[in-house]
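Written out below as structure tokens is the structure these notes cover.
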Amino acid sequence: MVKKMKIYLLNPPFMENFVRCGRWQGVAARGKTFYYPLWLSYTAGYLEKEGYDVRLIDAISMDWDESNVIEDVKNFKPEIVVVDSNFSSLKNDINISNLIKEETGATTVLVGPPASQFTDKIVENGVDFVARFEFEETINEIAKSLHEGDFSKVKGISYKKDDKVIHNSNRDPTTSEFLDELPFVSEVYKKHLNIEDYFLSHSLFPMVQIFTGRGCPNYCTFCSWPETLMRRKYRVRSVKNVVDEFEYITKELPQVKEIFIEDDSFTIDKKRLTQFCDEIQKRGIKISWSCQSRAELDYETMKKMKDAGCRLLDVGYESGSDEILKNIKKGVTVSQLREFTANAKKAGLKILSDFVIGFPGETKETAAQTI
């Protein structure tokens with residue numbers, strides 16, 4: 001029997017309740033909000049499907065420090081350690097990667113939004129590989145190339161060779177077909193994590209976070225993930241595949257009270273959204289779900305969502321000033337926001353509305369309009 005290569009995926013220790021995989025990059029969140037390590041979890045499922053022996057560790061949820069991590073890595077003996085990062089914790093994440101390399105000799109790969117933005121500095125500070133943007137397939141190809149030591153054909157990576165930083169060409173965004181072939185992330189949660197460690201203050205508890213698609217074609221100036229991780233190309237799982245995961249969760253994770261759909265663009269395709277709601281009802285699936293949304297849905301669509309189990313919409317209102325909304329390229333007006341709100345209430349949907357004070361052009365007057 002061929003021995004499986006071992007790959008260790010780490011959400012590294014930093015500070016208590018630190019949300020590394022959040023939309024807002026790097027805070028100890030108010031209300032104890034705590035995201036799943038989403039991207040590491042999808043990668044864990046993909047790598048296990050590809051035949052690797054994978055260990056996924058969320059050091060923050062487990063309240064582990066560096067010594068706990070080092071001990072665990074030494075016991076697991078991986079050839080590759082993948083370390084997640086974000087902008088607030090980047091120096092810490094690089095240091096932990098280097099400590100793991102020093103203590104275990106494992107090859108280190110740093111991933112996450114900073115990997116596509118500060119690539120040179122990360123490599124120059126000792127990490128073996130930086131995997132830019134989405135990284136499931138990239139980690140797989142690094143692993144396949146590890147023993148030969150030739151990484152020239154691995155797309156999406158940066159590394160040092162002969163004291164020079166090498167940037168291989170970008171990997172294309174994952175496809176809709178690829179997303180359909182990924183194992184359900186909820187299966188990964190069940191195998192590797194404690195579901196009750198994770199909490200969204202606007203969701204029923206316990207909850208799971210999933211993606212039904214990636215990428216966002218909109219150009220809001222302030223949004224991180226489309227620029228730093230998933231990029232603009234919009235790709236989706238089939239409706240059947242998504243509803244299959246809903247069915248899996250209701251049967252295999254009966255303690256889960258709500259599914260939160262994290263897509264930037266879940267509600268952008270009304271035809272797909274309608275098909276999804278119809279399929280949920282056709283199968284008689286009874287579970288609460290919520291999602292991110294733009295303030296562009298009509299009443300009939302929101303009523304259909306409500307009838308299919310939707311409870312809440314997390315909506316970027318951003319500002320009460322048309323001037324500011326134009327500055328940030330939000331693509332909606334205050335009158336649209338008001339109409340959307342009225343229709344959501346009429347449909348019986350709750351709203352978590354997101355606002356920001358301090359966008360470019362903000363004045364006391366525009367802030368007062370938002371308030």
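The values are calculated or read from the model by the stated rules, or taken from the named source; none is laboratory data. What you see is a predicted model; the values in this text were computed from it and never measured. Cβ atoms come from the backbone with ideal geometry, glycine included; neighbour counts cover every protein chain shown. Please note that ligands, DNA and RNA were not included when accessible areas were found on the heavy atoms of the full protein model with its side chains. Shrake-Rupley method; radii C 1.70, N 1.55, O 1.52, S 1.80 Å.
Summary of computed values
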quantity	calculated
Failed condition for GLY284, given (1) under 27 Å from GLY361 (Cβ atoms); (2) more than 24 Å from the chain's Cα centre (by Cα)	(1)
Complete set of residues in the stretch 301-350 that are in contact (Cβ under 8 Å) with a residue 12 or more places away in the chain, open to solvent by 50 Å² or more (accessible area, probe 1.4 Å) and in contact with a helix residue (DSSP H, G or I) (Cβ under 9 Å, 6 or more places away or on another chain)	LYS303, LYS304, LYS306, ASP307, ASP322, GLU323, GLY331, LYS346, LYS350
Count of the stretch 199-256 residues which are closer than 20 Å to ARG132 by Cα, touching a strand residue (DSSP E or B) at 6+ places or on another chain (Cβ under 7 Å) and basic (Lys, Arg)	2
All positions within the stretch 77-93 that are within 23 Å of GLY149 (Cβ to Cβ) and open to solvent by 10 Å² or more (accessible area, probe 1.4 Å)	LYS77, PRO78, GLU79
Those residues of the stretch 117-153 which are over 20 Å from ASN98 (Cβ atoms) and touching a Ser or Thr at 6+ places or on another chain (Cβ under 8 Å), in sequence order	PHE133, GLU134, GLU136, GLU137, LYS153
Residues that are of a type in the set (D, E, K, R) and closer than 18 Å to ILE157 by Cα, drawn from the stretch 76-97	GLU79, ASP84, ASP93
Hits in the stretch 180-214 - residues which are surrounded by fewer than 21 Cβ atoms within 10 Å (Cβ to Cβ) and either small (Gly, Ala, Ser) or at positive phi (or both)	SER201
Residue among SER201, SER145 that is small (Gly, Ala, Ser) and within 18 Å of the chain's Cα centre (by Cα)	SER201
Within the stretch 270-289, tally of residues that are open to solvent by less than 50 Å² (accessible area, probe 1.4 Å) and farther than 14 Å from ILE249 by Cβ	7
Residue list for the stretch 104-122, filter: out of contact with any strand residue (DSSP E or B) (no Cβ under 6 Å at 6 or more places or on another chain) and open to solvent by less than 30 Å² (accessible area, probe 1.4 Å)	GLY112, PRO113, PRO114, SER116
Residue satisfying condition, being without any contact (Cβ under 8 Å) to a residue 40 or more places away in the chain and exposed (fewer than 15 other Cβ atoms within 10 Å of the Cβ), within set LYS74, LYS101, LYS160	LYS74
Among residues of the stretch 290-317, those that are over 21 Å from the mean Cα position of the chain (by Cα), among the acidic types (Asp, Glu) and part of a strand (DSSP E or B), counted	0
Residues located in the stretch 45-71, provided they are on the phi > 0 side of the Ramachandran plot and either surrounded by 23 or more Cβ atoms within 10 Å (Cβ to Cβ) or within 19 Å of the chain's Cα centre (by Cα) (or both)	none
Tabulated pairs, the stretch 202-220, first touching a residue at least 24 places away in the same chain (Cβ under 8 Å) and within 26 Å of GLY31 (Cα to Cα), second among the hydroxyl-bearing types (Ser, Thr, Tyr) and open to solvent by 10 Å² or more (accessible area, probe 1.4 Å), C-beta under 6 angstrom, 6+ apart or interchain	LEU204/SER288
Test: residue in the stretch 337-354 that is acidic (Asp, Glu) and closer than 18 Å to ASN218 by Cα	yes
Qualifying residue in the stretch 222-236 (condition: aliphatic (A, V, I, L, M), assigned to a loop (DSSP other than H, G, I, E, B) and crowded, with 16+ Cβ neighbours inside 10 Å)	yes
Of the criteria (1) among the small types (Gly, Ala, Ser); (2) over 21 Å from PHE87 (Cα atoms); (3) touching a Lys or Arg at 6+ places or on another chain (Cβ under 6 Å); (4) free of Cβ contacts under 8 Å to residues at least 60 places away in the same chain, which one SER176 fails	(4)
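Yes or no, residue by residue, for (1) modelled with pLDDT of 95 or more; (2) of a type outside the set (Gly, Ala, Ser):
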site	(1), (2)
GLY320	yes, no
ILE324	yes, yes
VAL334	yes, yes
ILE351	yes, yes
ASP354	no, yes
PHE359	yes, yes
LYS364	yes, yes
